[in-house]
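Chemist: Structure in C-alpha cells, see below.
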Amino acid sequence: MAEPEKNKDFAALRFVAVVFAFLIAVAYVPRLFGGGCGRMTGKDAPDFTANLVLNGEPGKTTMALSELRGKVVVLDFWATWCGPCRAEAPIMNALYQRHKSEGVVVVGVNTDDEDGNAGRYAKEQGLTFPIAYDADRSAARAYNVSSLPTLVVISKTGKIVAFRSGVTTDSELEELIKQAEAS
C-alpha cells in the first residue's frame with residue numbers, strides 16, 4: 001500500500017474513533033459526574049399533562065401522569081436529534097414489550113423538538129410504547145431535565161424510584177423495574 005493511502009486510512013480510522021468517543025461521552029459522562037442520579041429519588045412524582053402523538057389509547061389525545069397511578073411508570077425524556085436517545089429507544093421498546101402485560105407503563109416524553117418530529121420518528125422506528133409531546137417543556141421543567149436522554153422510574157404509589165441521565169442499559173432498567181415494583 002502506498003504511503004498516501006496509509007495516511008488516508010489512518011485519518012479515516014482516527015475520525016471514526018473520535019466520533020465514537022464523543023458519542024460515548026455524551027451518553028455516559030453525565031452519569032459519572034452525578035448527572036441527576038438520585039436528585040429526585042424518593043420524592044412524589046410531579047404530575048403533568050402532555051399531548052399523545054403515537055400509541056395512545058384509542059380516542060385519547062392527551063395523557064396525565066396522575067392517570068397512571070397504581071402502575072410502575074418509566075418516563076423517557078428524549079428528542080429525535082439526540083444520538084444517545086436514538087440508541088436508547090430500542091431498549092425502551094423491548095422493556096415495554098416485556099413488561100406491558102404486568103402493568104408497567106413506558107412513556108416516551110419528547111421534548112426540545114419540533115412539533116411532528118416525535119410521531120414520525122417513533123413510527124419509522126417501530127416504537128410501540130406511548131409517545132407524548134412536551135411542547136412547552138413543562139414536564140421537562142417539572143423533573144429538572146437538563147440533559148437527554150433522562151429516565152425517571154416511578155413506583156405504583158407515585159414516588160420517584162430512579163432518576164438517570166444518559167443511556168440506561170437493559171439490565172439496569174430491569175433492576176430499576178424490580179425496585180419500583182417492590183416499593
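Chemist: Can you find a residue in region 47-61 that is out of contact with any Cys (no Cβ under 8 Å at 6 or more places or on another chain), in a loop (DSSP other than H, G, I, E, B) and crowded, with 23+ Cβ neighbours inside 10 Å? Full working, then the answer.
Modeler: From region 47-61, those out of contact with any Cys (no Cβ under 8 Å at 6 or more places or on another chain) are 47-61; that's our starting set.
Keeping just the survivors that are in a loop (DSSP other than H, G, I, E, B) gives 47-48, 55-61.
Pick out the ones that are also crowded, with 23+ Cβ neighbours inside 10 Å and you get none.
No; the residues of region 47-61 include none that is out of contact with any Cys (no Cβ under 8 Å at 6 or more places or on another chain), in a loop (DSSP other than H, G, I, E, B) and crowded, with 23+ Cβ neighbours inside 10 Å.
Chemist: As an exercise: evaluate M92 against (1) at pLDDT 95 or above; (2) closer than 14 Å to L151 by Cβ; (3) open to solvent by 10 Å² or more (accessible area, probe 1.4 Å) and give the number of the one condition it does not meet.
Modeler: Every listed condition holds for M92 apart from (3).
Chemist: Among the residues of region 98-139, how many are farther than 21 Å from S66 by Cα, open to solvent by 30 Å² or more (accessible area, probe 1.4 Å) and out of contact with any Ser or Thr (no Cβ under 6 Å at 6 or more places or on another chain)?
Modeler: If we filter region 98-139 for residues that are farther than 21 Å from S66 by Cα, which is where we start, we get 98, 112-128.
Checking which are open to solvent by 30 Å² or more (accessible area, probe 1.4 Å) leaves us with 98, 112, 114-117, 120, 123-126, 128.
Next, from what is left, pick out any that are out of contact with any Ser or Thr (no Cβ under 6 Å at 6 or more places or on another chain): 98, 112, 114-116, 120, 123-126, 128.
Total satisfying the criteria: 11.
Chemist: May I ask you to list the residues in region 145-183 that are under 16 Å from G42 (Cβ atoms), of a type in the set (G, A, S) and open to solvent by 10 Å² or more (accessible area, probe 1.4 Å)?
Modeler: Residues satisfying the conditions are A182, S183.
The values are calculated or read from the model by the stated rules, or taken from the named source; none is laboratory data. Being a predicted model, the structure only gives us computed values, none of them experimental. A quick note on method: Cβ atoms are made from the backbone with ideal geometry, for glycine too, and the neighbour counts reach across all protein chains shown. SASA here: full protein model, heavy atoms, side chains in, ligands and nucleic acids out. Shrake-Rupley method; radii C 1.70, N 1.55, O 1.52, S 1.80 Å.
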